[in-house]
Amino acid sequence: MITVDGLTVEFGGTTLFKDISFQINEKDRIALMGKNGAGKSTLLKIMAGVRQATRGTVSAPKDCVIAYLPQHLMTEDGRTVFEETCQAFAHLHEIQAEIDRINTELTTRTDYESDDYMQLIEKVSTLSEKFYAIDMTHFEEDVEKTLLGLGFERSDFNRPTSEFSGGWRMRIELAKLLLKSPDVLLLDEPTNHLDIESIGWLEDFIINSSKAVVVISHDRKFVDNITTRTIEVTMGRIYDYKASYSHYLELRKERREQQMKQYEEQQKMIAETKDFIERFKGTYSKTFQVQSRVKMLEKLELIEVDEEDTSRLRLKFPPSPRSGAYPVQMSDVAMSFDHKTIFSGVNLTVERGDKIAFVGRNGEGKSTLVKCIMGQLQNQGQLNLGHNVQIGYFAQNQASLLDGELTVFQTIDDVAKGEIRNKIRDLLGAFMFGGEDSTKKVKVLSGGERTRLAILKLLLEPVNLLILDEPTNHLDLRTKDVLKQALQDFDGTLIVVSHDRDFLDGLVTKVYEFGHGRVREHLGGIYDFLESKKLESLQELEKKQ
């Protein structure tokens, strides 16, 4: 369906990838994996036709419909949610017009035996088959089903798109793409703006309805559920595995171990050869052998070992300033907007050193309560911060607030204090900013790289209460593991808002469940919480709600 042949992308003197080739076949469900900045989004844009490669080609049949969802997108204002989603069928009116034009031409021409005439017949047959395959009598019903599946209420259908946040607009765009019944669906981080119920709906759609999918996602469970093939982008090359993500990780580990073995054997051979050359370079009887070995080294293709998985590194951050015994205390806290109660009767005590999660459906008040703690919203009831509480806050838009003109190194150097300043390069390496990457300006970083840098910056600031609102959006899986370990080692107090079950597992020891205007406390980790509700997943929890 899509053939990528000899693709090379260069910019700013850097080669992002070189001479890569692969094919996307019907029914392929491909995960595009690799660290932030490896070029995954760039590759998706080239396949979608919105960006050009330096060299190489991307080809697809003329009638192949390719639908692309970028990470950042805004729908037009001026239409309602329902009207905007119906734009998915605008191309059918164009097909109808083309069918009418060809039919008119066929009735006026008389060269019935010519190749041109036969080609026109074939073209109108193909277009007609495509047009009549879509039951236009039920298209409004299809629009309804798709919008409801992606989390919209019927009452939202006639609201203007301008009333919705960027995340909800992204859902509208996703609905339009799915309704086009594309041959190939290219999705860049589709789950970032979905709650778990909508993620489950999208999983079912991809598995049961789509023809071919290429997805970039750092949601481990989502990727494992939908994909049957994994293409890894690393060090300017690709590795293509006919395997799901979990199986790919095992195969990748085996590949790296094999590379390491070959690399060490080659390095040993090079050292022995150089030693021979050095010992006998002035010996007349060995001249031919010395020259032969010199030429061999010149022609030798060096074995490269793929990037080390730095998620095993343990980061030790400076001790947190000591806070009072109870950093946050709430008594009968309530919050409402436009006479609608978001939550009420919240009685919550956070003890020093607690690591807690806020979970529940979108719109139940998790981020709202965080903003109350931050003092950004005025709540009802009593909310008190303890003695010497110093808050570090990561909002969902935190990455966009970094100074684009600073380098990666300068961004971290500005906040590092004391002995940690001597280890800045080690820290940057652990967060995948090693070598030349530390000298890049923030403005050239990808979305995931910026998020990663913003989190590292926050972790280095002298705080004792960390509040993180969806910190794992845009983070690759290895960085999520590094962050999780850093937070496990953090000796202060942690409140994290997240839908990411894998990330919360082993990190939090208390869960606050938001739903039906209430906030309920559950002691234990995320799986203790799920077990206590006799549920297997947060998805089932949210469906019940």
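With only alpha-carbon atoms in the gyration tensor, what are the semi-axes of the equivalent ellipsoid for the range 1-90, in Å, largest first?
On the way: eigenvalues 157, 62, 30 Å².
The answer is 28, 18, 12 Å, longest axis first.
For the range 478-511 and the range 346-410, compute the distance between their C-alpha centroids and round to whole Å.
15
Taking a cut-off of 13 Å between Cα atoms, list the aspartates and glutamates near LYS443, but don't count ones fewer than 8 places away on the same chain.
ASP403, GLU405
When the convex hull of the C-alpha atoms of the range 328-543 is computed, what volume per residue in Å³ does it have? Mind showing how you got there, number by number?
Working: hull volume 27.8 nm³, N = 216.
Taking the convex hull of the Cα positions in the range 328-543, it is 129 Å³ per residue.
Considering only Cα-Cα distances, which of the following residue pairs are longer than 30 Å: LYS242/LYS441; LYS176/LYS457; LYS180/LYS440; LYS123/LYS176; LYS441/LYS484; LYS441/LYS480? Show your work: numbers first, answer last.
On the way: LYS242/LYS441 37 Å; LYS176/LYS457 38 Å; LYS180/LYS440 40 Å; LYS123/LYS176 26 Å; LYS441/LYS484 26 Å; LYS441/LYS480 23 Å.
Beyond 30 Å: LYS242/LYS441; LYS176/LYS457; LYS180/LYS440.
Going by a ≥ b ≥ c, the root eigenvalues of the Cα gyration tensor, does the chain fall in the rounded group (a/c under 1.5), the prolate group (a/b larger than b/c) or the oblate group? All intermediate terms of the calculation are to be shown ahead of the outcome.
Numbers: a/c = 2.28, a/b = 1.02, b/c = 2.23.
Cα axes put the chain in the oblate bin.
Which of the three applies to the range 464-519, rounded, prolate or oblate, going by the alpha-carbon gyration tensor with a ≥ b ≥ c and a/c under 1.5 meaning rounded? Mind dumping the intermediate values first?
Values: a/c = 2.02, a/b = 1.37, b/c = 1.47.
Because a/c hits 1.5 or more and a/b fails to exceed b/c, the range 464-519 counts as oblate.
Hey, got the Cα dimensions of the range 248-299 along the principal axes, in Å, largest first?
Here the spans come out as 53, 17, 11 Å, largest first.
Find the lysine pairs in the range 248-299 meeting two conditions, Cα atoms under 28 Å apart and a separation of 8 or more places or different chains, and report how many there are.
Lysine pairs meeting the criterion: 16.
In debye, nearest 20, what is the charge dipole magnitude of the chain about its Cα centre with +1 on Lys and Arg Cβ and -1 on Asp and Glu Cβ, if you could check? Mind dumping the intermediate values first?
On the way: 71 positive and 86 negative charges, 447 e Å.
So the magnitude is around 2140 debye.
Hey, what did the chain get for relative contact order, percent, Cα under 8 Å, at least 6 apart? Working shown, then result.
On the way: 896 pairs, mean separation 83.3, N = 545.
The normalised contact order for the chain reaches 15 percent.
Of the beta bridges DSSP finds with both residues in the chain, what % are antiparallel, to the nearest 5? Walk me through the numbers before you get to the answer.
Working: 36 of 68 bridges.
Around 55 percent of the beta bridges assigned by DSSP in the chain are antiparallel ones.
May I ask for the distance between the Cα centers of the range 419-476 and the range 211-273, given as a whole number of Å?
One Cα centre to the other: 25 Å.
Among bridges DSSP assigns within the range 328-543, what percent are antiparallel (round to 5)?
55
Within 14 Å, Cβ to Cβ, of GLU122, how many net charges do the neighbouring residues add up to if Lys/Arg are +1 and Asp/Glu are -1? Intermediate values should be presented prior to the final figure.
Details: positive: LYS62, LYS123, LYS130; negative: ASP63, GLU98, GLU105, ASP115, ASP116, GLU129.
Its environment carries a net charge of -3.
Hey, what's the per residue convex hull volume over the C-alpha atoms of the range 78-175, in cubic angstrom? Don't jump to the answer; show the numbers that get you there.
Values: hull volume 11.2 nm³, N = 98.
Here the figure is 115 Å³ per residue.
Counting each DSSP H run of 4 or more residues in the chain as -39500 (n - 2.57), what helix-only mean residue ellipticity at 222 nm follows after dividing by all residues, to the nearest 500 deg cm²/dmol? Before the final figure, lay out each step's value.
Numbers: 18 runs with 215 residues, N = 545.
Rounded to the nearest 500, the figure is -12000 deg cm²/dmol.
Every read-out reported here was derived from the displayed coordinates using simple, explicitly stated rules and does not represent laboratory data. Treat the numbers as computed from the prediction; the structure is a model and nothing was measured. All Cβ positions, glycine included, derive from the backbone under ideal geometry; neighbour counts span all protein chains shown.
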